[in-house]
Amino acid sequence: MTRIAFLPLSVLLLAACTPAEPPAETQDDAIDLIVPGEYVVTMDEKLTVIEDGAVAVDQGVIIDVGAASDIESRYTARVTLPRDKRVVMPGLVNGHQHAAMTLLRGLADDLALMDWLNNYMFPAEVEFVDAEFVRIGTEVSCWEMVRGGTTTFVDMYYYPDTIAEVIERCGMRALISATVIDQRSPDAEGATDSISNGEGYIDRWQNRHPRITPIFGPHANYTLDAEQLRKTREAAQKHGVAISIHVSESAFETQYAKDKYGKTSIEMLDDIGFFDGPTIAAHVVWPTAAEIPILRDRKVGVIHNPSSNMKLASGVSPVAEMLDAGVRVGLGTDGAASNNDLDMWEEMRLAAFLQKVSRMDPEALPATAVLKMATIGGATAIGLGDQIGSLEVGKRADLIQVAFDDVHHVPTFDVISHLVYVTDEQDVAAVVVDGQLLMRDGEFLTLDTDRIAAEANALAARIQSALAQRNAGTPAGAEEK
Ligand SMILES: [Zn+2]
């Protein structure tokens, strides 16, 4: 069996590390948390995997990483999680989301991007999305992300203050965009309005909460003109915040930019100085050979969304070429209406498989490269690589425990192979963000599952009845949804 080929990789496992002496003040006092595991997958520079390891956490920070016996002899913790059949790793980073769109999933499927957006999503949003919708939809999203081991995400949706309030309560870490779009949207009348609303939101949330980073989210270069994109960047620069945007997502966008500006999307954005500040570019399915070095040189963080790109038939992003060229590439789910779930394990698998099959090269994107995209690579792409994404002393304590006690994890020849090619969201046993446990043994500690489900169902029933009323007034067969 080819499984045997994984065996030599076990030599990479370090039986024991020799961590530095702990700070004196922690020796007497109990620390907050010890997270042990049969494997600790650190995702540090050397991709160190510690067998029978543990991570010590205090006051939201990783204070030690090493052999479980060393950690447990050095520290007493108020909470110590179980070790048997557990794998500890950094929390997953979902670099592109529209969290509240959980409430629109299943409303319109099996369509191309522009049809789906213009004829279904944008009209449904104007009709149904308000602050209450965003609160409930974001809570559903948080539940699903925490369930699957995502600890940080980048959001782009409406009513960003409401999103930030939900994230503050649920305990996740997020970059939350103020959406800028030049059309009537749920919270603005057009580009000028959405930029000034966005500035107000950023004033209210900048430096307010350590887990919440407000940013701007200009939608795309086909929903904003060059001047509006430039003004959004100016506003972002004025406030010292990053930008998240859809870039080169579809062949339509590339053609649109060529027709309107005589340049492809990334060249056009570079030309107007759009990359003068930190940029998170979602999708990047159609970069030209000349554009890839621009992404690298301008330190643009690219977020690959394989499920969404496949479902909307947007295309296959040249992820392997971008990584080879030194572009920062992370992974995302996109919103739940174009995926239709928020499972980063599935994204990892699809990212790997899509590169392999489209290039007819099984080595195109190996498991380790994909795991990097979902952790430290993604963290770097969104500008948080110095704070999260790997299990290293001094970093914020965003980590998860994956249970390997399901039979589909037996036998485990190579832990990285299992994390990427076998694990699913139901295997996640514990989730810690900033040192706080959000889920333990499958139990949610900051989210009320029953209330969230009841509120989501009640809101969905209102949408359903509004759609039924509207459809009742249209000729039969004229409208499907
Ligand atoms: Zn998107």
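The values are calculated or read from the model by the stated rules, or taken from the named source; none is laboratory data. Computed from a predicted structure; not experimentally measured. Because the Cβ atoms are built from the backbone with ideal geometry, glycine has one as well, and the counts that use them run over all protein chains shown. Surface accessibility is based on the protein's heavy atoms, side chains included, excluding ligands, DNA and RNA. Shrake-Rupley method; radii C 1.70, N 1.55, O 1.52, S 1.80 Å.
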Residue satisfying all of: in segment 254-287; small (G, A, S) and in a loop (DSSP other than H, G, I, E, B); nearest to the ligand (Cβ to nearest atom) among these: G277
Those residues of segment 256-285 which are open to solvent by 20 Å² or more (accessible area, probe 1.4 Å) and of a type outside the set (G, A, S), in sequence order: Y256, K258, D259, K260, Y261, K263, E267, D270, D271, I272, D276, P278
Close pairs from segment 459-481: first farther than 14 Å from V129 by Cα, partner at pLDDT 80 or above and of a type outside the set (F, W, Y), Cβ under 8 Å, at least 6 apart: K481/L107; K481/A108; K481/L467
Where a residue in segment 123-150 is basic (K, R) and its partner, wherever it lies, is open to solvent by less than 30 Å² (accessible area, probe 1.4 Å) and part of a helix (DSSP H, G or I), with Cβ under 6 Å and at least six apart: R135/T162; R135/V166; R147/E425
Evaluation of A456 against (1) of a type in the set (G, A, S); (2) over 23 Å from M121 (Cα atoms); (3) touching a residue at least 60 places away in the same chain (Cβ under 8 Å) (one fails), failing number: (2)
Test result for R451, under 29 Å from V93 (Cβ atoms), without any contact (Cβ under 8 Å) to a residue 12 or more places away in the chain, open to solvent by 70 Å² or more (accessible area, probe 1.4 Å) and not small (G, A, S): yes
Answer residue from segment 187-205, given it is within 14 Å of I163 (Cα to Cα) and of a type outside the set (A, V, I, L, M, F, W, C) and is surrounded by the most Cβ atoms within 10 Å (Cβ to Cβ) among those: G198
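Can you work out which of the residues in segment 349-376 that are in contact with a Pro (Cβ under 6 Å, 6 or more places away or on another chain) and in contact (Cβ under 8 Å) with a residue 40 or more places away in the chain is most open to solvent (accessible area, probe 1.4 Å)?
Initial filter on segment 349-376 (in contact with a Pro (Cβ under 6 Å, 6 or more places away or on another chain)): 350-351, 354, 356, 375.
If we keep only those that are in contact (Cβ under 8 Å) with a residue 40 or more places away in the chain as well, we get 350-351, 354, 375.
Numbers: L350: 43, A351: 0, L354: 20, T375: 0 Å².
Ranking the candidates gives L350 first.
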Selection count where residues are open to solvent by 10 Å² or more (accessible area, probe 1.4 Å) and either within 16 Å of the ligand (Cβ to nearest atom) or part of a helix (DSSP H, G or I) (or both), scope segment 161-182: 6
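Given the criteria within 16 Å of the ligand (Cβ to nearest atom), out of contact with any Asp or Glu (no Cβ under 6 Å at 6 or more places or on another chain) and open to solvent by 20 Å² or more (accessible area, probe 1.4 Å), does D341 qualify?
yes
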Odd one out for G53 among (1) under 24 Å from the mean Cα position of the chain (by Cα); (2) open to solvent by less than 30 Å² (accessible area, probe 1.4 Å): (1)
Count of segment 238-253 residues which are within 13 Å of the ligand (Cβ to nearest atom) and either in a loop (DSSP other than H, G, I, E, B) or within 18 Å of F216 (Cβ to Cβ) (or both): 7
Subset of segment 323-338 [away from the ligand (no atom under 15 Å from the Cβ) and closer than 15 Å to H96 by Cβ]: R328, V329
Segment 346-375, residues that are among the small types (G, A, S) and touching a strand residue (DSSP E or B) at 6+ places or on another chain (Cβ under 7 Å): A351, A374
Selected residue (criterion: nearest to the ligand (Cβ to nearest atom)) from residues of segment 309-320 that are among the hydrophobic types (A, V, I, L, M, F, W, C), surrounded by fewer than 24 Cβ atoms within 10 Å (Cβ to Cβ) and in a helix (DSSP H, G or I): M310
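So that you can scan it fast, the table gives a plain yes or no per residue for (1) open to solvent by 10 Å² or more (accessible area, probe 1.4 Å); (2) more than 28 Å from V285 (Cα to Cα):
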residue: D109; (1), (2): yes, no
residue: N118; (1), (2): yes, no
residue: V134; (1), (2): no, yes
residue: T138; (1), (2): no, no
residue: C142; (1), (2): no, no
L12, sole failed condition from (1) at pLDDT 95 or above; (2) out of contact with any Leu (no Cβ under 6 Å at 6 or more places or on another chain); (3) of a type outside the set (S, T, N, Q); (4) within 14 Å of I416 (Cβ to Cβ): (1)
Hey, D361 more than 15 Å from the ligand (Cβ to nearest atom), in contact with a helix residue (DSSP H, G or I) (Cβ under 9 Å, 6 or more places away or on another chain) and among the charged types (D, E, K, R) or not: yes
Residue in segment 321-334 that is within 23 Å of V140 (Cβ to Cβ), acidic (D, E), touching a Gly at 6+ places or on another chain (Cβ under 6 Å) and crowded, with 17+ Cβ neighbours inside 10 Å present: no
Cβ-Cβ under 7 Å pairs, at least 6 apart or on other chains, segment 286-308 side open to solvent by 50 Å² or more (accessible area, probe 1.4 Å), far side within 16 Å of the ligand (Cβ to nearest atom): W286/S248; W286/G315
